[in-house]
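Read the structure below first, then the notes.
The values are calculated or read from the model by the stated rules, or taken from the named source; none is laboratory data. The structure presented is a predicted model; accordingly, all values stated were derived computationally and were not measured. All Cβ positions, even for glycine, are placed from backbone atoms using ideal geometry, and neighbour counts span all protein chains on display. Just so you know, the surface numbers come from the protein's heavy atoms only, side chains and all, with ligands and any DNA or RNA stripped out. Shrake-Rupley method; radii C 1.70, N 1.55, O 1.52, S 1.80 Å.
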Amino acid sequence: ALPLVAGSLLAGGLWLKEASTSERIVSRFPRNSETFVGDPMPYFDGKKMAIYYLEDHRDAAIGFHPFSLLTTENFREYNHFSEVLPYVNEVRDPERALGTGTVMQDQAGGYHCFYTAHNGELSPKERIMHAVSRDGKTWQKLPEDTFLASEDYEGDDFRDPFVMQAPESDEYWMLLTTRQKGTGVIAKYVSRDLKNWEDQGVFFVNDFGNDSNLECPSLVNFEDRWYLAFSDQWDKRVVHYRVAKKATGPFEPLAEEVDHVDGAGFYAGRLVTMKEQLYLVGWIPTKERSDDNFAYNWAGNLAWHRLKVNGAANLVACPDLDSTNEVETLKAGDARLATDGAGITIPAEKSGSYELDLVAGGIEKLIISFGKSNHLVVDRKASRMAYYNTFEDQIADSKAITEMFLPQIIEQESPLTIVKEGEIIQLYYQGRALSNRIYAAKTQPLVIRRNN
C-alpha cells in the first residue's frame, strides 16, 4: 500500500513535488522551449505513454536533472509536466543530481519510481532511491528504502535501475548499470515488496571487447523473444540490443553484423511496448555552442523509433509516418536526379517527411546537403549512411560525425525516407536509421543530388 499523504508536507519533513500545470507540445521531437531532454524512461499505463526524463536546465543551480514528464497517445501530441520529481539543491546532498531510473506500477496500481541519486562530492557517488505516487505526477520520496552497491560492484558506477515484474512470478527484477572486474556489467536485484532488494549477481557482461559501461538497460518481451537494450558509454555510443528465448538469457547478438538500429546521434534509448507495438525511445543531442562545427553534447530533444522484427529476429527501424502529415514522394527517375546536376531542393523553413524510391533510378549514392559543409551520404554500394561536417570535396578524406551500416543482404526494397523537423534530420533505409541535429538545416535548403 502507498503511504498516506496529507497536504504537501509529510510527517518526516519531505516535501512532495506538486505536479505542474501541463504545457501542450505538438512535435515529433518534443522538448520544453527553455530546457532539454535527457535519458527518457517510458512507461505505458494501458492508455497513454508516460515518458519521464532527466530535464537539463543548463542553468547556474547547484543541483541538476530533475525528473520531468511528457505524456502522449500518438508520439505527435504531448502534454508536458516540468519537474515532477526534484533534485536537492545542496552541495553535499546525495540527491544533488538525479539519474536515470524507472517508473512502473505495482499489482495494486500504485506508482513507483526507482531512480539514481548522484553526487560527485560523495563516496560512493551513486545510490538507488525510491519514491511512490498515486497518480504518477505527485511523488513522495522514501529515503529509508535507499541502497548502495554491494561489495561485488563499483559504488561510483551504480545507476540506471530498470524495474519490471518478473515473468510468471510475484517477484520484481531490477537491472542496474555497474562495473565488476574492470568492465561494465548489468547487475540483477530481486524484490517481492519493492522495498527490500537482494543482489542476485551479474545478469549480462559487456561483450564488445572493451571495458565500456552499459547504460540505461531495458528488457522487454516482444513476439516471443526477449530483447535487452543498453547504450555503450564510450566507443560507438549507440544503443545496442541482444536477444534471448528466455528472460533469464543467455542474451546474445544475432548473426547480423550490426547490433543497433541508429548511429551516435541517438542515445540512451529504452525499449517499451504500446498497443502491441515496440518502440525505442531516446534523445538526439544538441551541439556545443549550438554550432555544427562542434561536438555533440548531453541531452537535446526526445526521439523515438518504432521497431519491427524481421525473419531473423533482428530489430528494424520504421519511419512510422503520420497519415495526417503530408508525406511527399520524390521520384528517383526525376530529371533533377538523373545526373550530378542541381538535384531536388526543399526550402529550409519547410518541415516534413519525404520518400525517395531509389530502385527506380538505379542510384548507388545520394548526397543530402545543407549548405556547403553539412552532408548526409547514402551509399548503397558501400552499404552505409553517414553524416559529414566538411566541404563536399573533402568527404573522402574525412571522418564521419555519425554513421550507420546498412544490411549486406537486402530482403526487400524500401524507399529512403527523410524526416525533417527544424534542425533535426532522420534518415530511414532498409530497416536502419541515422539521426542527427544539423543547425544549418534551419537556414539552408535541403538539397538532394545523385552522386554517382
> Right, residue 380: open to solvent by less than 20 Å² (accessible area, probe 1.4 Å), touching a residue at least 24 places away in the same chain (Cβ under 8 Å) and charged (D, E, K, R) or not?
Replying inline: no
>> I'd like the full set of residues that are open to solvent by 50 Å² or more (accessible area, probe 1.4 Å) and among the polar types (S, T, N, Q), limited to region 224-243.
In response: 233
>> So in region 131-152, with the set limited to residues that are farther than 17 Å from residue 194 by Cβ and in contact (Cβ under 8 Å) with a residue 40 or more places away in the chain, which one is surrounded by the most Cβ atoms within 10 Å (Cβ to Cβ)?
In response: 137
>> Taking the condition of being among the β-branched types (Val, Ile, Thr) and within 18 Å of the chain's Cα centre (by Cα), how many residues in region 58-77 meet it?
In response: 2
>> Of everything in region 156-166, what is in a loop (DSSP other than H, G, I, E, B) and open to solvent by 20 Å² or more (accessible area, probe 1.4 Å)? Give them in sequence order.
In response: 156, 157
> Could you list, in sequence order, the residues of region 433-452 that are of a type in the set (D, E, K, R) and assigned to a strand (DSSP E or B)?
Replying inline: 437, 449, 450
>> Can you tell me which of (1) aliphatic (A, V, I, L, M); (2) part of a strand (DSSP E or B); (3) modelled with pLDDT under 95 is the one residue 368 doesn't meet?
In response: (3)
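Conditions (1) under 20 Å from residue 425 (Cα atoms); (2) modelled with pLDDT of 95 or more, marked per residue:
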{"residue": "270", "(1), (2)": "no, yes"}
{"residue": "277", "(1), (2)": "no, yes"}
{"residue": "283", "(1), (2)": "yes, yes"}
{"residue": "294", "(1), (2)": "yes, yes"}
{"residue": "300", "(1), (2)": "yes, yes"}
{"residue": "303", "(1), (2)": "yes, yes"}
{"residue": "306", "(1), (2)": "yes, yes"}
{"residue": "314", "(1), (2)": "no, no"}
{"residue": "321", "(1), (2)": "yes, no"}
> So which of 221, 213 is open to solvent by 50 Å² or more (accessible area, probe 1.4 Å), within 20 Å of residue 102 (Cα to Cα) and either in contact with a Ser or Thr (Cβ under 9 Å, 6 or more places away or on another chain) or among the hydroxyl-bearing types (Ser, Thr, Tyr) (or both)?
Replying inline: 221
>> Here is a check on your reading of the model: is residue 68 outside any loop (DSSP other than H, G, I, E, B), at negative phi, without any contact (Cβ under 8 Å) to a residue 60 or more places away in the chain and small (Gly, Ala, Ser)?
In response: yes
>> Can you tell me which residue is modelled with the lowest pLDDT among those in region 371-405 that are part of a loop (DSSP other than H, G, I, E, B) and hydroxyl-bearing (Ser, Thr, Tyr)?
In response: 383
>> Considering only residues that are β-branched (Val, Ile, Thr), touching a strand residue (DSSP E or B) at 6+ places or on another chain (Cβ under 8 Å) and not in a strand (DSSP E or B), which ones fall in region 342-365?
In response: 363
> Within region 78-101, which residues are over 18 Å from the mean Cα position of the chain (by Cα), in a strand (DSSP E or B) and on the phi < 0 side of the Ramachandran plot?
Replying inline: 79, 81, 82, 84, 85, 97
> What's the number of the condition residue 92 fails, among (1) without any contact (Cβ under 8 Å) to a residue 60 or more places away in the chain; (2) among the basic types (Lys, Arg); (3) in contact with a Phe, Trp or Tyr (Cβ under 8 Å, 6 or more places away or on another chain)?
Replying inline: (3)
